[in-house]
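The values are calculated or read from the model by the stated rules, or taken from the named source; none is laboratory data. Just so it is clear, the model here is predicted, and its values are computed rather than measured. Note that we place each Cβ from the backbone using ideal geometry, even for glycine, and neighbour counts take in every protein chain shown. Side chains included, ligands, DNA and RNA excluded: accessible areas come from the protein's heavy atoms. Shrake-Rupley method; radii C 1.70, N 1.55, O 1.52, S 1.80 Å.
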Amino acid sequence: MMETDRTIREIERLKAARRAVILAHNYQESDVQDVADFVGDSLELSQKAAATPAEVIVFCGVHFMAETAFLLSPEKTVLLPRAAAGCPMADMITPDGLAAMRDAHPGAAVVCYVNSSAAVKALSDICCTSANAERVVRSIPEDREIVFVPDKYLGRHVERRTGRSMVLWPGFCPIHARLEALDVRRARSAHPGAEVWAHPECRPEVSDAADFVLSTGGMVRRARETKSATVVVATEVGMLHRLRAERPDVTFVAASEAALCTNMKMTGLRDVLAALETMRGAITVPDEVREPAARAVARMLEVG
Ligand code: 13P
Ligand code: SF4
């Protein structure tokens, strides 16, 4: 038996023994996606984490995702197989920075992208993901000022969709920021007639050049219905595996191979196995942070 098959068999055996579930983000390595019980976007994964009867969640993604799972299910053991897998955008805002912004905008509602630490969520009124940011912003009374953190590009996209102007924190995803409108134009001329999808973490000029601006979950749903034979995708390249699994008859092309998130690629099958063997890598958050942070996430889940 090949080494990989042995690893997969062992993961399956330990998963049952530990009453564990494996959740993986759409950007994970393909073999990790294939071993997961559920693959999805940030919103879908947090909904799964909140609802699973499993006692252990092995979260194949980056730190804030596993942390969000713990916020929702503190009675469960949430394992992040690679402790170093973080999100550079989440690190662009600190609790002190947000506290200063709140002081400068008293009375404003703080909407916090889920790509943030629990300590930042704890200072926020409501969270959002790229799938529901628009709905979350629309749920806030029109006369209330809104502070949106930390992704300025997602914030700008939501401003344009809702017509609400917001105070934006100047954070961004360094991976999506590598994508340029020129990449989209080049891809369109190389693949005439192809549909182009962009993630809302992209720069506004990239989103403007696309036909659809979608969360990774939105891309999966669009894949199920597209009539286009070729689709150009402006997001992290791991998405291609997920989309090809969904629609093998469609040709999915990356707008740029440069959009590769090394944090999302840190976790391998052996790390998943090691997490289940050792039960090391459990994420915890102290109650005084967890409770307000969980409230902000729960409010988001109520909006849906
Ligand atoms: P989605 O919520 O669209 O999956 O985007 C998440 C993300 O930024 C992961 O890096
Ligand atoms: Fe963070 Fe961007 Fe990587 Fe997502 S793709 S984990 S937002 S750095």
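Got a sec to turn the phi values of segment 17-28 into Karplus ³J(HN,Hα) couplings, 6.51 cos²θ - 1.76 cosθ + 1.60 with θ = phi - 60°, whole Hz, x for Gly and Pro?
Running phi through 6.51 cos²θ - 1.76 cosθ + 1.60 with θ = phi - 60° gives 4, 8, 6, 10, 10, 10, 10, 9, 7, 4, 8, 5 Hz.
Using the Karplus equation 6.51 cos²θ - 1.76 cosθ + 1.60 (θ = phi - 60°), what ³J(HN,Hα) coupling, rounded to whole Hz, does each residue of segment 215-230 give in order, writing x for Gly and Pro?
Listing the rounded values in order: 5, 5, x, x, 5, 4, 5, 5, 4, 5, 10, 5, 9, 6, 6, 10 Hz.
For the chain, what is the accessible area per residue in Å², given a 1.4 Å probe and the full set of protein chains?
42
I need the phi-derived Karplus couplings for segment 272-281: 6.51 cos²θ - 1.76 cosθ + 1.60, θ = phi - 60°, integer Hz, Gly and Pro marked x.
Those phi angles translate into 5, 5, 4, 4, 6, 5, 9, 6, 8, x Hz.
How large a share of the accessible area of the chain, in percent, is made up of carbon and sulfur atoms when the probe is 1.4 Å and the other protein chains stay in place?
49
Mind checking the log10 I(q)/I(0) for segment 129-182 at q = 0.15, 0.30 Å⁻¹? Debye, one equal scatterer per Cα, no solvent, two decimals.
-0.42, -1.29
Mind checking which lysines have their C-alpha under 28 Å from Lys265, skipping anything on the same chain fewer than 8 residues away?
Within the straight-line limit of under 28 Å, Lys265 reaches these lysines: Lys15, Lys48, Lys76, Lys121, Lys152.
Given R₀ = 41 Å, what would the calculated FRET efficiency be for His105 paired with Thr284, taking r from the Cβ atoms and rounding to 0.05?
0.85
Could you let me know the centre-to-centre spacing of segment 1-78 and segment 116-138, using Cα atoms, in angstrom?
Their Cα centres are 23 Å away from one another.
Could you work out Rg/(2.2 N^0.38 Å) for segment 228-290, with Rg from alpha carbons only?
Rounded to two decimals, the normalised Rg is 1.63.
Cα to Cα, under 16 Å, and not fewer than 8 places away if on the same chain: which aspartates and glutamates meet these conditions relative to Lys227?
Answer for Lys227, where 16 Å is the Cα cut-off: Glu195, Asp211, Glu246, Asp249, listed by chain and number.
Go through 91-103, 234-246 and give me the packing order, highest mean Cβ count within 10 Å leading.
234-246, 91-103
Largest first and in whole Å, what are the equivalent-ellipsoid semi-axes of segment 100-166 based on the Cα gyration tensor, each being the root of 5 times an eigenvalue?
Largest first, segment 100-166 gives 17, 15, 10 Å.
Evaluate the charge dipole of segment 236-283 about its Cα centre and quote only its size in Debye, nearest 20, assuming +1 on the Cβ of each Lys and Arg and -1 on the Cβ of each Asp and Glu.
Here segment 236-283 has a charge dipole of around 80 debye.
Would you pull out the residues with amide H under 5 Å of Cys128's amide H, same chain only if 5 or more places away, H placed 1.01 Å from N?
Counting only residues 5 or more places away or on other chains, the set is Cys112, Tyr113, Val114.
Sum -39500 (n - 2.57) across every DSSP H segment of at least 4 residues in the chain, then divide by the residue count to get the 222 nm mean residue ellipticity, nearest 500.
Calculated mean residue ellipticity at 222 nm is -12500 deg cm²/dmol.
Determine one quarter of the surface area of the Cα convex hull of segment 34-154, which equals its mean projected area, and express it in nm² to one decimal.
Seen from a random direction, the Cα hull of segment 34-154 projects 8.2 nm² on average.
Report the Cα-based extents of segment 162-224 along its three principal axes, largest first, to the nearest Å.
Ordered largest first, segment 162-224 gives principal extents of 38, 27, 23 Å.
Between Ala254 and residues 5 or more places away or on another chain, which pairs have amide H atoms under 5 Å apart, with H built 1.01 Å from N, and which residues are they?
Val233
Could you tell me how many cubic angstrom of Cα convex hull volume segment 159-304 has per residue?
Normalising the Cα hull of segment 159-304 by residue number yields 169 Å³.
Restricting to Cα atoms and excluding each atom paired with itself, what does the Kirkwood estimate give for the chain in Å?
Evaluated over the chain, this radius sits at 19.7 Å.
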